[in-house]
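*Asks:* Have a look at this one.
The values are calculated or read from the model by the stated rules, or taken from the named source; none is laboratory data. Values in this document were obtained by computation on a predicted structure and should not be read as measured data. A quick note on method: Cβ atoms are made from the backbone with ideal geometry, for glycine too, and the neighbour counts reach across all protein chains shown.
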Amino acid sequence: MLTTAERARGLADLPPVQSDSLLQLIALCNADPRPDKIDVGVGVWRDGAGNTPILKTVKKAEQRLVDTQETKSYLGGAGDKRFAELLRPILLGQHAADQRIAGLQTPGGCGALRLGFELIAAINPGARVLYGAPTWPNHPPIIQSVGLEGVEYPYYERGQGAIRFEDMMNALEGASPGDVALVHGCCHNPTGADLDEDQWRQIVRVVSERGLIPFIDIAYQGFGRGLDEDAFGVRAMLDACDEVIVAQSCDKNFSVYRDRVGSLWIKTGSAETTATAVAHVFQIARQMWSMPPDHGAAAVHIILEDPELKSEWLAEVATMRDRINAVRQRIAAADPRLAFIGRQFGMFSMLPLSKDQVLKLRSDKAIYMADSGRFNVVGLSDAQIDRFIAAVVEALDA
Ligand SMILES: Cc1ncc(COP(=O)(O)O)c(C=O)c1O
């Protein structure tokens, strides 16, 4: 018999894992038997009836795929190349023809983030990644997972619903050449507080003057002001910088969350350098997922290739955006303390509530939002909006 000291460490030695707080919240909400519970924790778009339907264009594209797809043989590391080509003008606008920019399919925006940071860590393991707090809770662990140092600066003044722009500028001005500036492209998660065009111009100036690498995470294009408007920051950064990385997601604006559809975009100073960078990225991806999943990207490809389906999809994106903005305006009009919600973009906002107030809403009113007060404005069905507003105003008054 081996003694405990001699025994190799095995699976039984694994420590328990603290599960993601948002996943815990979903489980708590699911377990709540109260029929009138409100789930504004989960980050998916919902219609007025509280459902997350499959887009009509996606259904049509999937049907076409079933009818016409002849093989599921391997596509290669780049996945569906036509998918990335069709996304180019939507994301890059006036930069679409720039051959120094390459895009390749990834498993969702998350896969693009991981791959982009892996590339940076391979080039410059000493680079620091600056990001504003609060940010999407998965950003810091992804940065750490590739061995890069994350550096947080304050981004948001919660009580006022305002960006701490001076702090953001100071942090970027203090960064060293080669450091990475991770910036949300639009529809900031978790705050909804987006940079305006003038602020973007200032950020672009400091990033390019300091020789920082801009890394833009754009997961909600079309959910804020419009597809082109939401890409303003990406395009402004491309105007000014030779090296830019963008992680893009189609999971939200095509409502294909579980199908994992995204892309990574790399711009360098020359088409040759970009080709070399892409070759490195393929090698890294080969060790992780080898090739991205096809189904969702194939459906997006069909939609964007067909002018009729594309214009139907544009209308579906507008419908999703319009509901987000209509619910925002309704909440904002209810109380001056909530007015800031009407000036923000995307699905998320952060209520100026303490953790105790959030927990009390959960226990007393069956309203489920993150402990931070982050809530999904379109998590609310039409029938739930007034009750939600009344409960929040009551909590603010208490
Ligand atoms: C800011 C941000 N970036 C990236 C992602 C990742 O999206 P995906 O589901 O496509 O991996 C999300 C998803 O919630 C997000 O909020």
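*Asks:* Which members of region 270-287 meet the condition of being under 13 Å from Gly116 (Cβ atoms) and not in a helix (DSSP H, G or I)?
*Replies:* None - no residue of region 270-287 is under 13 Å from Gly116 (Cβ atoms) and not in a helix (DSSP H, G or I), so the list stays empty.
*Asks:* Could you check how many residues of region 333-357 are among the aliphatic types (A, V, I, L, M) and surrounded by 22 or more Cβ atoms within 10 Å (Cβ to Cβ)?
*Replies:* Within region 333-357, residues that are among the aliphatic types (A, V, I, L, M) and surrounded by 22 or more Cβ atoms within 10 Å (Cβ to Cβ) number 4.
*Asks:* Now for a different question. From Leu119, Leu113, Leu92, Leu75, which residue is assigned by TED's automatic domain parsing to the domain that holds Phe254 and within 15 Å of the ligand (Cβ to nearest atom)?
*Replies:* Going through Leu119, Leu113, Leu92, Leu75 in turn, just one is assigned by TED's automatic domain parsing to the domain that holds Phe254 and within 15 Å of the ligand (Cβ to nearest atom): Leu113.
*Asks:* Just need a number here: residues in region 45-81 that are closer than 17 Å to Val256 by Cβ and modelled with pLDDT of 95 or more.
*Replies:* Matching residues across region 45-81 total 21.
*Asks:* Spot the failing condition for Pro352; the list is (1) in contact (Cβ under 8 Å) with a residue 40 or more places away in the chain; (2) more than 30 Å from Gln105 (Cα to Cα); (3) part of a helix (DSSP H, G or I), and only one is missed.
*Replies:* With respect to (1) in contact (Cβ under 8 Å) with a residue 40 or more places away in the chain; (2) more than 30 Å from Gln105 (Cα to Cα); (3) part of a helix (DSSP H, G or I), Pro352 is out only on (3).
*Asks:* Condition test on Ile284, is it in the same structural domain as Lys72 (by TED's automatic domain parsing), away from the ligand (no atom under 16 Å from the Cβ), in contact with a helix residue (DSSP H, G or I) (Cβ under 6 Å, 6 or more places away or on another chain) and farther than 29 Å from Gly226 by Cα?
*Replies:* Judged against the criteria, Ile284 is a match.
*Asks:* Here is a follow-up. For region 95-105, does any single residue satisfy the condition of being basic (Lys, Arg), assigned by TED's automatic domain parsing to the domain that holds Ala299, buried (at least 18 other Cβ atoms within 10 Å of the Cβ) and within 15 Å of the ligand (Cβ to nearest atom)?
*Replies:* Scanning region 95-105 turns up no residue that is basic (Lys, Arg), assigned by TED's automatic domain parsing to the domain that holds Ala299, buried (at least 18 other Cβ atoms within 10 Å of the Cβ) and within 15 Å of the ligand (Cβ to nearest atom).
*Asks:* Among the residues of region 169-193, which ones are away from the ligand (no atom under 16 Å from the Cβ) and under 18 Å from the mean Cα position of the chain (by Cα)?
*Replies:* Residues satisfying the conditions do not exist here.
*Asks:* Give me a count of the residues in region 237-269 that are in a strand (DSSP E or B) and near the ligand (Cβ under 9 Å from one of its atoms).
*Replies:* 5
*Asks:* List the number of the failed condition for Glu70; all other conditions in (1) within 24 Å of the chain's Cα centre (by Cα); (2) surrounded by fewer than 16 Cβ atoms within 10 Å (Cβ to Cβ) hold.
*Replies:* In the conditions (1) within 24 Å of the chain's Cα centre (by Cα); (2) surrounded by fewer than 16 Cβ atoms within 10 Å (Cβ to Cβ), Glu70 misses (1) alone.
*Asks:* Restricting attention to region 349-398, which residues are small (Gly, Ala, Ser) and under 21 Å from the mean Cα position of the chain (by Cα)?
*Replies:* Ser349, Ala370, Ser372, Gly373, Gly379
*Asks:* Turning to a different aspect of this structure: Take the residues in region 298-330 that are under 19 Å from the mean Cα position of the chain (by Cα) and either among the hydrophobic types (A, V, I, L, M, F, W, C) or at pLDDT below 95 (or both); name whichever of them is surrounded by the most Cβ atoms within 10 Å (Cβ to Cβ).
*Replies:* Val300
*Asks:* For region 213-236, give me each residue that is more than 16 Å from the ligand (Cβ to nearest atom), without any contact (Cβ under 8 Å) to a residue 60 or more places away in the chain and not aromatic (Phe, Trp, Tyr).
*Replies:* Glu229, Ala236
*Asks:* Could you tell me whether any residue of region 368-377 is closer than 30 Å to Ile303 by Cα and in contact with a Phe, Trp or Tyr (Cβ under 8 Å, 6 or more places away or on another chain)?
*Replies:* Within region 368-377 (the criterion being closer than 30 Å to Ile303 by Cα and in contact with a Phe, Trp or Tyr (Cβ under 8 Å, 6 or more places away or on another chain)), the answer is yes, since at least one residue qualifies.
*Asks:* Separate question: Exactly one condition in (1) near the ligand (Cβ under 9 Å from one of its atoms); (2) assigned to a strand (DSSP E or B) is not met by Val129; state its number.
*Replies:* Answer for Val129: the failing condition is (1).
*Asks:* Can I ask one more? Go through region 9-50 and report how many residues are in a loop (DSSP other than H, G, I, E, B), surrounded by fewer than 10 Cβ atoms within 10 Å (Cβ to Cβ) and not hydroxyl-bearing (Ser, Thr, Tyr).
*Replies:* 11
*Asks:* Tally the residues that are modelled with pLDDT under 95 and outside any helix (DSSP H, G or I), restricting the search to region 375-398.
*Replies:* Here the count works out to 1.
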